[in-house]
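Data first, discussion second: the structure below is written as structure tokens.
The values are calculated or read from the model by the stated rules, or taken from the named source; none is laboratory data. Because the structure is a prediction, the values reported are computed rather than measured. Methodologically, a virtual Cβ is constructed for each residue, glycine included, from the backbone with ideal geometry; neighbour enumeration extends over all protein chains shown. When the accessible area is computed, the model is the full protein with side chains, heavy atoms only, and any ligands, DNA or RNA have been set aside. Shrake-Rupley method; radii C 1.70, N 1.55, O 1.52, S 1.80 Å.
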Amino acid sequence: MDIEKQIAKTIKDHGLIKKGEKVVVALSGGKDSTSLVYILKKLGYNVHGLMIDLYLGQWSKTHNENMIKFCKENDIPLTIVDLKKELGQGICFIKSIVKKKKNLTGCSVCGTVKRWILNKHAKKLGAKKLATGHNLDDEAQNVLMNFLKGNVLLGVNSSPATGGKPVEGFVQRIKPLFFTPEDEIRKYAKSNNFKILYEKCPCAFGTYRVETRSWTKDLNNKQKLKVVEGFQKILPKLRGNNKMEIAMCKKCGEPARKELCNFCEVMNCV
Ligand code: SF4
Ligand SMILES: [Zn+2]
């Protein structure tokens, strides 16, 4: 599979990026976001890497070093947000406190913190779009996970352009790898000799996603695509029935669906 062509087609078909507009790419240091920033740059887009140092021990240190080197070699500007400077703590401490006080998994706490930081810093960097490395496998897992949780509405924002249209206060998130299978991205990263870690995050065990990953690992790429495309077909109806109002968070001023945004609710416990 030529994933460069497929990604260019996803961008075109879904109007994800206009030429010249600034795209901040959320870099985790893994194969997906590294391949994404590389391909966007190769396709001629105006990219800027944004990474969060989560303080997950040696794993974070290696990712940071790899990305500094990778971005330098490929002439990609990079901003690294230091979580301890930003919030006073690393992600392990925040997760351990919040998990005890709220009925949340470690990854959902981490995800909430990361989304808030990425949006805030992408705005600061003047981004028009915030691109993430979610791939076809992630999206198929999301559809099945939400279905098995008994709440398909959790996926109401899931599409190549998150939410379908821009929302004030949020830099619109885009997912150019939405239809690209994970094994093809791994092949691409390896064939380009990207010096990156291929191991999953050391804190990613025991979560619902890890369970779902084991159920979906036997699906082939066509079946994963059917799951994702099937959900995209019913999305317009789901969205039509579920319009959500966006206001400003009373505490941080970032966009929120309630009085406090999810991030401030999480950080209130710490
Ligand atoms: S796997 Fe979970 S804990 Fe690790 S970086 Fe991702 S969201 Fe955070
Ligand atoms: Zn807030």
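What is the magnitude of the charge dipole of segment 3-267 about its Cα centre, with +1 placed on the Cβ of each Lys and Arg, -1 on the Cβ of each Asp and Glu, and no other charges, expressed in debye to the nearest 20?
That gives a dipole near 380 debye.
Given a cut-off of 27 Å, name the pairs among K99/K149; K175/K250; K5/K187; K95/K200; K95/K258; K18/K149 whose C-alpha atoms lie farther apart than that in the structure shown.
K175/K250; K18/K149
Can you tell me the order of 58-67, 174-183 when each peptide is scored by its average per-residue count of other Cβ atoms within 10 angstrom, highest first?
Answer by packing, highest mean first, reads 174-183, 58-67.
If amide H atoms are built 1.01 Å from N in the plane of the peptide, which residues on other chains or at least 5 residues away come under 5 Å of the amide H of T79?
Correct list: G49, L50, M51.
Across segment 1-144, how large is the tail of the calculated P(r) beyond 27 Å, expressed as a percent of all Cα pairs?
Tail of P(r) above 27 Å: 25 percent of Cα pairs.
Tell me, what is the FRET efficiency for Y198 and E245 to the nearest 0.05, using R0 = 35 angstrom and their Cβ-Cβ distance as r?
The computed FRET efficiency comes out at 0.25.
Once every DSSP H run of n ≥ 4 in the chain is given -39500 (n - 2.57) and the sum is divided by its residues, what mean residue ellipticity at 222 nm do you get, rounded to the nearest 500 deg cm²/dmol?
-15500 deg cm²/dmol
Would you mind checking which residues have amide H under 5 Å from R173's amide H? H placed 1.01 Å from N; only 5 or more apart, or other chain.
Sorted by chain and number, the residues that satisfy this are L130, T162.
Calculate the tail of P(r) for segment 3-267: the fraction of all Cα-Cα distances greater than 30 Å, expressed in %.
25
Per residue, what accessible area does the chain have, given a 1.4 Å probe and all protein chains present, in Å²?
Solvent-accessible surface per residue comes out at 53 Å².
Using only alpha carbon pairs under 8 Å that are at least six residues apart, calculate the relative contact order of the chain and give it in whole percent.
23
How many angstrom separate the Cα center of segment 133-153 from the Cα center of segment 202-270?
8
With a 1.4 Å probe and every protein chain kept in, tell me what percent of the accessible surface of the chain is carbon plus sulfur.
Using a 1.4 Å probe with all protein chains present, the chain comes out at 54 percent carbon and sulfur.
Compute the Cα gyration tensor for segment 120-270, then decide on rounded, prolate or oblate, letting a ≥ b ≥ c be the square roots of its eigenvalues: rounded whenever a/c is under 1.5, prolate when a/b is larger than b/c in the other cases, and oblate in all that remain.
prolate
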